[in-house]
Amino acid sequence: MGQLASALVTMILGVMGCAAYFYGSNFLLDKIFPTKSGAAAVVARNLRVANNIRPWLFLGPAVLLLTFYLFYPVIDSIRLSFYGRSGEEFVGLANYKWLFGSDEFYESFRNNMLWLIVVPTAATFFGLIIATMTDRIWWGNIAKSLIFMPMAISFVGASVIWKFIYDFRTGGEDQIGLLNALVVFFGGEPQTWLTIPIWNNFFLMVILIWIQTGFAMVILSAALRGIPDETIEAAVLDGANGFQIFYKIMVPQIWGTIAVVWTTITILVLKVFDIVLAMTNAQWGTQVLANQMFSWMFNGGGDFGRGAVIALVIMVLVIPIMVWNIRRANAEMEGR
Amino acid sequence: MITSSKRTPLTFLVHATVLFLVIIWTIPTAGLFISSIRDKNQLSTSGWWTALSTSEQRHVARAHEPKAQVQEGDRFVIRGNLFEGSAGEITKFGSSSLRPDEFDVGTVAELKKGETLQVLENGDYAFSSPVPWKGSRGDRIFYTAEVPPRFTLENYREVLNSEGLGKSFINSLTVTIPATIIPILVAAFAAYALAWMRFPGRALLVAAVVGLLVVPLQMSLIPLLKTYNLIGDFFGVGSKTYVGIWLAHTGFGLPLAIYLLRNYIVGLPREIIESARVDGASDFDIFRKIVLPLSFPALASFAIFQFLWVWNDLLIAMVFLGNDADHIVLTGQLRELLGSRGGNWEILTASAFITIIIPLCVFFGLQRYLVRGLLAGSVK
């Protein structure tokens, strides 16, 4: 309890510190360049100066934090990728040579590609199907809420949930894992699912699909509601059936949103490491880039150079999406 | 949407499919919850879907010590009950681990040297011998019992106390609350500046924020860890502190926060802000008195996001906070338990439920804001 109390005190201090900064800096600005009274020329000058400075008072903490926590590390990671274990001696391209010569990298790269293909596709597909169907039924909102729920569960929590489902009991004991119990019920042999090469990757992907479908569903559902009714009515009048309306009228109109959902999940997939770490600890051929990077950071005291190289690979995979996002945001701003 | 007036088979199919999907999506969590409140012996021998039926379990118990014997006629008898208070119904018993179900319940089993053992359905047993029992320990009795379903909060009591989850819960709160509030403050000011103030470089900053939205955390870890070590050495406090992780979460949450809030604030009616300016209000007053109250929905959306994200995070906590008892958060603790108590499902299920209960409450309580935030922020 003492810890929580001291945390609360620190928190209040921190928040008050933030507030004090914003209040204080603005107050100082108004004091140094008073604009409420004085000669007109002075007020005009002060107003101009204050208006030039104030945005940076507002932005200051954010810019500092973004620079320190995101911008500078990206640059430094690029630098570190040319340095050795401790990040002190220059090793040229040795880390890159190691990376492209190591089987582990190809394994995790292959797995990451599988994840990138399967998870966004499946989550978007299920999300779209569920969004379409729940919009038509009276208990749709309850259904949506329940399918959306896994979004709130941590990757580690979800891993425990699914590890329990994949649980395996040897010999003739009753299977307490749902999957094996079903297999036995239908007359099959129980399996240790997480150790079957290649396929175990898919058993891990199921977890992320389970979590992300709700996200896709919520966004796509909103987009579907935005489709003008006239287009659908016209299609109905022309005699289109349900599936034709879905594929030829609705899907093309929300294509932009589908792309957004897809890329969002893609980025998430690239960063996912908790599931692999908790489920298999990268054994049995389930390594992915993010987890490989994490283990190189800490293995045997850590190898910063190699870790940085793997992080760079993830970054390079993200860059196309980043460029696309910025261009879209710019287009949106100009359109406003 | 399409509302077809006729009740077609298709409508039925839609209902059935949605129901099927909802069941698939809910069952994993339901299974976890049901398992976590089951008796641990039942949990490890039967699936959670059988939780309401009686289960057949094999156990071994020790009879009372020889000093509890009483003389009845010419025989020496030790009596007791195998269940000692809990419920059940015994079907078979035995006295050797090789044949634990040798005898049917109720029969008087002849053992060596004229000793006998009888076990009744309700668990009453009687060891009997022509000569006095010796030794300091009671004999073992193996039995198979039909045990009625039993639900208990014991698993929770155990993980909260002896597995250190109670402490981790507090650690998680310590991390989460400040890491949710600080970025809101910082981001709200920045978002207002990016939305309504004119200054050179604004478009560039907005683009930078959008770009930083997708930068993988992994890029930041190594350089930050190095810097944290340096700073920690300098102040002599070590690199793993709560302040460090609050700031880290603030930094990583800022792009989304600024992006979400700016999108919202830029959509506020221009007239309100312009007229306040004409009335002589400074930007600081406008922000504090007009923009902040009006953007409450957006602030709430982001707060929920950040809360869920920080509470559920494992990576940043492992790198910047470490695994000692004073610092380990719930997700970290759960991962450790997965490694060390991998087969003890009563511990894992209860722990997992404790880690997800708060986010679930937040989720169901504030879903409206969460959905709104998702819709506003889905460019990322």
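The values are calculated or read from the model by the stated rules, or taken from the named source; none is laboratory data. These numbers come from a predicted model, not from an experiment. No Cβ is skipped: glycine too gets one built from the backbone with ideal geometry, and neighbour counts run over all protein chains shown. For the accessible areas, the whole protein counts, side chains as well, though only heavy atoms, and no ligand, DNA or RNA atoms are used. Shrake-Rupley method; radii C 1.70, N 1.55, O 1.52, S 1.80 Å.
Figures for the structure shown
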| quantity | calculated |
| --- | --- |
| Set A:S86, A:S145: member being over 24 Å from A:V260 (Cβ atoms) and either in a helix (DSSP H, G or I) or open to solvent by 10 Å² or more (accessible area, probe 1.4 Å) (or both) | A:S86 |
| Unmet requirement for B:V18, which otherwise passes all of (1) modelled with pLDDT of 85 or more; (2) in the same structural domain as B:G94 (by TED's automatic domain parsing); (3) hydrophobic (A, V, I, L, M, F, W, C) | (2) |
| Within region A:278-309, tally of residues that are among the small types (G, A, S) and buried (at least 22 other Cβ atoms within 10 Å of the Cβ) | 5 |
| Pair list, Cβ under 6 Å, 6 or more apart: region B:58-78 residue assigned to a strand (DSSP E or B), other residue open to solvent by less than 80 Å² (accessible area, probe 1.4 Å) and of a type in the set (G, A, S) | B:R62/B:G138; B:R75/B:S128; B:F76/B:S129; B:V77/B:A126; B:V77/B:S128; B:I78/B:A63; B:I78/B:A68 |
| Candidate set: region B:124-148, residues that are crowded, with 16+ Cβ neighbours inside 10 Å and either free of Cβ contacts under 8 Å to residues at least 12 places away in the same chain or among the β-branched types (V, I, T) (or both); chosen: the one nearest to B:V105 (Cα to Cα) | B:T144 |
| Out of B:L348, B:L360, B:L338, sole residue that is farther than 19 Å from B:L256 by Cβ and surrounded by 22 or more Cβ atoms within 10 Å (Cβ to Cβ) | B:L348 |
| Tally, over region A:240-271, of residues that are over 30 Å from A:S108 (Cα atoms) and open to solvent by 60 Å² or more (accessible area, probe 1.4 Å) | 8 |
| Scan of region B:252-284 for residues that are loosely packed, with under 15 Cβ neighbours inside 10 Å and at the interface with chain A (Cβ under 10 Å from one of its Cβ atoms), ordered by number | B:G267, B:G280 |
| Residue among A:I258, A:I314 that is more than 8 Å from chain B (Cβ to nearest Cβ) and at pLDDT 85 or above | A:I258 |
| Failed item in (1) within 24 Å of A:M11 (Cα to Cα); (2) within 31 Å of the chain's Cα centre (by Cα), with B:A191 passing the rest | (2) |
| Single condition A:S145 does not satisfy, out of (1) facing another protein chain (nearest Cβ under 7 Å); (2) within 30 Å of B:L225 (Cα to Cα); (3) hydroxyl-bearing (S, T, Y) | (2) |
| Boolean, A:A222 is at the interface with chain B (Cβ under 10 Å from one of its Cβ atoms), under 22 Å from B:R372 (Cα atoms) and among the small types (G, A, S) | yes |
| Count of region B:238-251 residues which are in contact with an Asp or Glu (Cβ under 9 Å, 6 or more places away or on another chain) and either surrounded by 24 or more Cβ atoms within 10 Å (Cβ to Cβ) or part of a helix (DSSP H, G or I) (or both) | 1 |
| Scope region A:157-195; condition at the interface with chain B (Cβ under 7 Å from one of its Cβ atoms) and among the aromatic types (F, W, Y); matching residues | A:W162, A:F164 |
| One residue from B:S351, B:S340 being more than 10 Å from every other protein chain (Cβ to nearest Cβ), hydroxyl-bearing (S, T, Y) and within 19 Å of the chain's Cα centre (by Cα) | B:S340 |
| Considering residues of region B:20-39 that are of a type in the set (S, T, Y) and under 26 Å from A:T134 (Cα atoms) only, the residue least open to solvent (accessible area, probe 1.4 Å) | B:T29 |
| Test: residue in region B:300-315 that is at the interface with chain A (Cβ under 10 Å from one of its Cβ atoms) and surrounded by fewer than 16 Cβ atoms within 10 Å (Cβ to Cβ) | no |
| Condition met for B:L185 (in a helix (DSSP H, G or I), open to solvent by 20 Å² or more (accessible area, probe 1.4 Å) and facing chain A (nearest Cβ under 7 Å)) | yes |
| Total residues in region B:112-151, condition of a type in the set (K, R), touching a strand residue (DSSP E or B) at 6+ places or on another chain (Cβ under 8 Å) and either not assigned by TED's automatic domain parsing to the domain that holds B:F83 or not in a strand (DSSP E or B) (or both) | 3 |
| Matching residues in region A:38-63 - criterion: being within 9 Å of chain B (Cβ to nearest Cβ) and aliphatic (A, V, I, L, M) | A:A50, A:L57, A:L59, A:A62, A:V63 |
| Residue count for region A:89-111, restricted to those that are in contact (Cβ under 8 Å) with a residue 12 or more places away in the chain, under 15 Å from A:G305 (Cα atoms) and either open to solvent by less than 40 Å² (accessible area, probe 1.4 Å) or not in a helix (DSSP H, G or I) (or both) | 4 |
| Residue tally, condition in a helix (DSSP H, G or I) and at the interface with another protein chain (Cβ under 7 Å from one of its Cβ atoms), over region A:112-142 | 3 |
| Test: residue in region A:49-61 that is more than 30 Å from A:A19 (Cα to Cα) and either surrounded by fewer than 17 Cβ atoms within 10 Å (Cβ to Cβ) or touching a Ser or Thr at 6+ places or on another chain (Cβ under 7 Å) (or both) | no |
